[in-house]
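As structure tokens, the structure follows; a few thoughts come after it.
Derivation of every value follows stated rules applied to the coordinates shown; laboratory data play no part. A quick note: this is a predicted structure, and the numbers were derived from the prediction, not measured. Here Cβ is always computed from backbone atoms with ideal geometry, including for glycine, and neighbour counts include all displayed protein chains.
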Amino acid sequence: MRSSLLTRAIRLATLAAVAAPASVFAGGFSLNEQSASAMGVANAGAVANPENATTVMFNPAGMSQLKGTNISFGAAVLDIKAEAKSASATNTLGGPVSGGTGGDIADPAFLPNLYLTHQVNDSIDVGLGIHAPYGLAADYENDFVGRYFADKTELTVISFSPAVSVNNGQGLSMGIGLNVMYAEGRLTKYQDIRGALVQQVGPAQAGPLADAYEAQFGAPYADIEGDDIAVTFRAGFLYELSPRTQFGLTAQTGTEFELKGDVEISNFPAPSAQSPIGIAPTTLTEDVRVPLAIPESITLGARHQLNDSFTLLAGASYSRWSRFEELDIISREGGAGQVSSVTGSEIITHITEKWKNTWQFNVGSIWQVTPEWALKAGYAWDESPVDNYVTARIPSSDRHWLTLGGQWKSADNGWAVDAAVGTLLFTDDPKVDEYSYLHAAPSQKDPSAGASNYKGEYELSAWSASLQVSKAF
């Protein structure tokens with residue numbers, strides 16, 4: 001039965017994480033919802049509070065305080081409402097772009113997880129986690145006025161995280177782990193052909209010709225997909241100052257995905273004698289790569305048990321999101337492919353990001369109502385890394401995270417069930433004023449993009465819920 005339960009949990013976590021991209025518009029594209037037991041206290045002090053096998057992800061050193069074999073598995077649902085209250089755009093020639101505000105661009109996301117630990121002996125523990133640490137999904141309606149800047153944005157990451165911990169038997173433990181991450185990404189948008197037509201027919205005819213082309217064939221549509229595997233390293237320490245107080249510290253290295261795949265541009269205009277307007281659609285394809293930076297981070301946490309009923313938790317995390325300076329689509333054909341030969345550069349598309357480093361602060365408490373039942377509450381302040389360059393793909397602002405949770409734990413058979421709910425309160429309605437910038441000079445507007453611009457103001461709100469089952473053998 002134990003083997004069957006573990007097999008089903010692994011299948012659930014693996015298949016669902018690959019199938020379902022996540023949605024998040026603050027805290028970069030990292031996801032907080034990794035464990036219902038930790039979510040109940042807004043992840044406060046998670047690196048110093050190894051309640052169950054989820055400590056593999058938060059702090060591998062915490063495995064030293066678990067006895068025997070432990071398994072935790074569950075899932076979270078994250079639903080963000082992200083909709084532009086107002087939106088307007090101009091094309092390359094400075095004319096208005098017709099269309100709507102894009103609708104609610106974020107769909108509900110399902111985030112599964114599975115963690116397992118095993119005590120090898122009194123000094124050594126090993127563990128494995130399967131979870132979705134990063135994710136992003138946004139999808140505008142087809143008539144979105146900013147469609148020349150963004151349509152679909154998707155990132156799905158699943159991590160396989162083996163870990164090992166050792167302890168000195170005197171209250172100090174150390175753990176190390178790997179995050180072997182598989183990522184899939186997709187970026188799409190419509191293409192404005194007016195700038196290119198200016199070179200062929202002049203500015204007076206470019207606008208009417210582009211309007212006629214889009215009316216008959218639709219605007220060209222760029223679809224970029226890629227995937228990659230990357231690895232980060234995590235080290236953690238746990239120190240038991242007294243039976244009631246302990247501290248935890250973890251640090252994780254950064255890395256960079258090279259999402260390799262292809263770009264396909266459909267409905268791209270090509271000269272045609274058969275077309276009544278002299279041009280007709282064709283399809284261009286090219287092998288491309290998309291570099292994507294993952295930040296280094298460090299987390300400090302503390303747990304203090306006031307008495308047999310109340311426990312206080314606190315923590316802080318710092319993430320080096322400044323690694324994410326740009327989002328580029330780069331040719332893998334040396335600039336000689338069907339797409340890059342048209343753009344004249346191996347940098348097919350450039351988006352200036354220039355994110356900033358961020359802090360997250362958490363506090364929480366656990367009330368042990370009875371030996372079986374506990375109630376939890378937590379609060380976190382989460383900074384957004386998006387700074388001066390707010391884009392249609394990631395409209396973001398700082399947020400407050402409020403959570404409530406409950407836990408039932410059997411004293412007889414080792415089973416435990418955690419449930420948690422949370423809401424995100426965004427501090428501002430993010431304002432987008434997006435232009436195209438040069439790759440060589442990221443703060444300088446791209447002259448070839450002309451007067452192309454998108455302006456929008458977004459309203460964001462979100463809730464999440466999580467359920468987790470744990471068992472100690």
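Here are some notes:
- Karplus-derived 3J(HN,Hα), 6.51/-1.76/1.60, for each residue of region 306-312, Hz, glycine and proline x: 5, 7, 5, 10, 10, 10, 9
- Estimated at 0.36 nm per residue, the fully extended path between ASP122 and VAL180 surpasses their Cα-Cα distance by 18.1 nm.
- Efficiency of FRET between THR283 and ALA204 - r from beta-carbon atoms, R0 35 angstrom, step 0.05: 0.75
- Residue-averaged 222 nm ellipticity for the chain, from DSSP H runs of 4+ at -39500 (n - 2.57), nearest 500: -3000 deg cm²/dmol
- nm² value of the averaged projected area, convex hull over the Cα atoms of region 284-378: 9.6
- Net charge contributed by nearby residues that have their C-beta within less than 13 Å of PRO281 (K/R +1, D/E -1): -2
- The C-alpha atoms of region 70-118 occupy a region whose extents along the principal axes are 64, 19, 11 Å, arranged from largest to smallest.
- Along the chain, the longest continuous region that contains none of the trypsin sites (Lys or Arg not before Pro) in a DSSP loop with at most 15 other C-beta atoms within 10 Å is 68-243.
- Local electrostatic count, THR358, Cβ distance below 13 Å [Lys/Arg +1, Asp/Glu -1]: -1
- Summary of the geometry: region 388-404 and region 297-350, compared by the centres of their Cα atoms, lie 14 Å apart.
- Cα radius of gyration and Dmax for region 355-427 (Å): 17.3, 55
- Neighbour net charge for ARG323 - beta-carbon separation under 12 angstrom, K R +1, D E -1: -2
- Hydrodynamic radius (Kirkwood) for region 327-473, which is based on Cα pairs only, to one decimal in Å: 19.5
- Length-normalised contact order of region 318-370 in % [C-alpha pairs under 8 Å, at least 6 apart]: 45
- Span from the region 194-240 Cα centroid across to the region 79-141 one, whole angstrom: 19
- For region 408-423, Karplus couplings with θ = phi - 60° (6.51, -1.76, 1.60), whole Hz, Gly/Pro x: 10, 9, 7, 7, 9, 10, x, 7, 8, 10, 10, 9, 8, 10, x, 9
- Pairs of lysine residues in the chain - Cα separation under 18 Å, sequence separation of 8 or more or cross-chain: 17
- Using a cutoff of 8 angstrom between alpha carbon atoms and counting only pairs six or more residues apart, the relative contact order for the chain works out to 19 percent.
- Residue-by-residue Karplus 3J(HN,Hα) for region 357-367, coefficients 6.51, -1.76, 1.60, Hz, glycine and proline x: 5, 9, 10, 10, 10, 9, 9, x, 8, 10, 10
- Rounded to whole Å, sorted largest first: equivalent-ellipsoid semi-axes of region 138-282, Cα gyration tensor: 56, 15, 11
- Under-5 Å amide H pairs with ARG393, H placed in peptide plane, nonlocal only: none
- Taking the inverse of the mean 1/r over every pair of distinct Cα atoms in the chain gives a Kirkwood hydrodynamic radius of 23.8 Å.
- With semi-axes defined as the square roots of five times the eigenvalues of the C-alpha gyration tensor, the equivalent ellipsoid of region 59-213 measures 54, 16, 11 Å, largest first.
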